[in-house]
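The values are calculated or read from the model by the stated rules, or taken from the named source; none is laboratory data. Because the structure is predicted, anything quoted here is derived from the model rather than measured. Cβ placement follows ideal geometry from the backbone for every residue including glycine, while neighbour counts extend to all protein chains displayed.
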Amino acid sequence: MTPAGSPGGGSARGRKATLVIVILLVALVAESGAIALLVSTRGSTSSSQSASGTSTSTSTSSQSASSAAPVPSQGAWAPTAPMRVAVAYSGVATLTDGRVLVAGGFVGAGSPAVVSSSQIYNPSNGTWSVTGSMHYPRAGVQAVLLNDGDVLVAGGEAGQGNLTKTAEIYNPSAGTWTLTGNMTFARLDYQAVLLNDGRVFVVGGVLVNGSSVAEIYNPATGSWTLTPPQPFPRQDMLAIKLNDGNVLVAGGASATAPTTLSEIYNPSTNTWTQTGSLIEPRSDGGAVLLNNGDVLFAGGYVIYNGSALSIDYLYTSELYNVTTSKWTSTGDMASPRGEMGGATLLLNNGDVLAAGGNFQPETGLSSAELYSPKTGIWGPAGDMSTPRGSGEMSALLKGGDVLVFGGLLPHACAFCGAIALRGYDVATSSADIYTPG
């Protein structure tokens, strides 16, 4: 999924073998009649991948120029207790008491493929527990912590490719869910941002009618209101609330290809304004708001031949300068990573952790990397216990550690397309704790 729409959020969500890509890529398969080999490349520089996911490539100018600068401190990983239910693409929110809520999700093989169950991770004792189930199964959603401490989860896939527009509120004190007003349009794989006034802005994703509508949820009334439509309909983009309260929406993909388009939504005036374009098309990467107010957008994918289903996963990263309204290149990651928006977070020390992600279609990484905004360089951050790609999730814990969990396990299916919903993708229940160095 794409970034979660708040500092350290992320989301995540590219041409996945489940949920979103099923809808988009089945159509392409039908048109082409054949599925070509998908490869990972580094922009215009080719790279080879070993079985373990380690990449070798010719060095780039940005890496050469910064090779003498110090890299971020690595930190350490340790397994923690597995989830009660193995899921991917769940709604995740860190509650005000520090516990982590995981709502719904995609299970994969088995029936039902999408669940309504919810579970909570308690960092004080490293255990998971079951909490109240939602009224409807859903996956491919965002969970938003509201100002009163409750959590909003809306829309998503309800199973069998059916989208829902229902919405629910979780009360952490009672451990129960209550239905609230329905969204105007059913959607999944959207971005959700908590605005400064306490309302929730929802934009993009896969919609039943394919439109570019955006809408806002008002917790005071429990109702949704349409905003002016997004100028360019897309999914798998970033949506980050800037320090001035406006929302930056950049990159992402339409039904045909990723885009470089960037826009600003102003909640005060209820208007969209175009801003500087990305340097290269980028979709389903990881994005965070840095401590200086700028935005990092890393990795993701580029589809350069839609009819052949050829995909590049990206090493590259870009920075959005809020003062100049322009994007500039910054350091390259060591490995190409796509679909890792759910595990890209801003750490308490100001560095950025990017864990897992796909380096080849349906093949996740166990490795992680750290970005230092001070030097503009990525460095190694150790390995998780389990490779995690599409649908992986994470949360920054109150003590500064990071919980990374769930997601889809690698499998032999080169590119599943629609058959993914018939059991070729399986979520993992494993979870890891990252402690910064």
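Can we say S429 is modelled with pLDDT of 95 or more and crowded, with 24+ Cβ neighbours inside 10 Å?
Judged against the criteria, S429 is not a match.
I'm told L207 meets every condition in (1) farther than 18 Å from A154 by Cα; (2) under 18 Å from the mean Cα position of the chain (by Cα); (3) at pLDDT below 95 except one. Can you identify the failing condition by its number?
Unmet condition: (1).
Surrounded by 14 or more Cβ atoms within 10 Å (Cβ to Cβ) and more than 22 Å from the chain's Cα centre (by Cα) - does that describe any residue in region 243-264?
no
Quick one: count up the residues across region 223-242 that are over 21 Å from Q274 (Cβ atoms) and surrounded by fewer than 19 Cβ atoms within 10 Å (Cβ to Cβ).
2
Just one of A220, A139 is buried (at least 16 other Cβ atoms within 10 Å of the Cβ) and not basic (K, R); which is it?
On inspection, the qualifying residue turns out to be A139.
Tally the residues that are over 11 Å from G140 (Cβ atoms) and among the acidic types (D, E), restricting the search to region 186-205.
1
Among the residues of region 392-407, is any under 20 Å from the mean Cα position of the chain (by Cα), under 26 Å from A86 (Cβ atoms) and modelled with pLDDT under 90?
no
Show me the strands (runs of 3 or more DSSP E) found entirely inside region 84-151 where at least 2 residues are within 19 Å of the chain's Cα centre (by Cα) and of a type in the set (G, A, S).
Counting at least 2 such residues, we get 91-94, 100-106.
Taking region 164-212 as the region of interest, how many residues are among the β-branched types (V, I, T) and touching an Asp or Glu at 6+ places or on another chain (Cβ under 7 Å)?
Qualifying residue count, region 164-212: 6.
Give the residues of region 164-179 that are crowded, with 21+ Cβ neighbours inside 10 Å and over 15 Å from A93 (Cβ atoms), sorted by residue number.
T164
For region 193-210, which residues satisfy the criterion of being closer than 16 Å to G91 by Cα and outside any strand (DSSP E or B)?
If the condition is that a residue be closer than 16 Å to G91 by Cα and outside any strand (DSSP E or B), then G205 is the only one that fits.
Is one or more of the residues making up region 378-387 assigned to a loop (DSSP other than H, G, I, E, B) and in contact (Cβ under 8 Å) with a residue 40 or more places away in the chain?
No, region 378-387 has no match at all.
Identify, from the list L146, L101, L152, L207, the residue that is surrounded by fewer than 22 Cβ atoms within 10 Å (Cβ to Cβ) and aliphatic (A, V, I, L, M).
Sole residue among the options that is surrounded by fewer than 22 Cβ atoms within 10 Å (Cβ to Cβ) and aliphatic (A, V, I, L, M): L146.
List every residue pair whose Cβ atoms sit under 6 Å apart, with the two residues 6 or more apart in sequence or on different chains, where the first one lies in region 177-192 and is in a loop (DSSP other than H, G, I, E, B) and the second, anywhere, is among the polar types (S, T, N, Q).
Taking only residues 6 or more apart or on different chains, the pairs are G181/S223; N182/T166; A186/T164; D189/Q235.
Where residues in region 114-136 are touching a residue at least 12 places away in the same chain (Cβ under 8 Å) and more than 28 Å from Y217 (Cα to Cα), which of them is surrounded by the most Cβ atoms within 10 Å (Cβ to Cβ)?
W128
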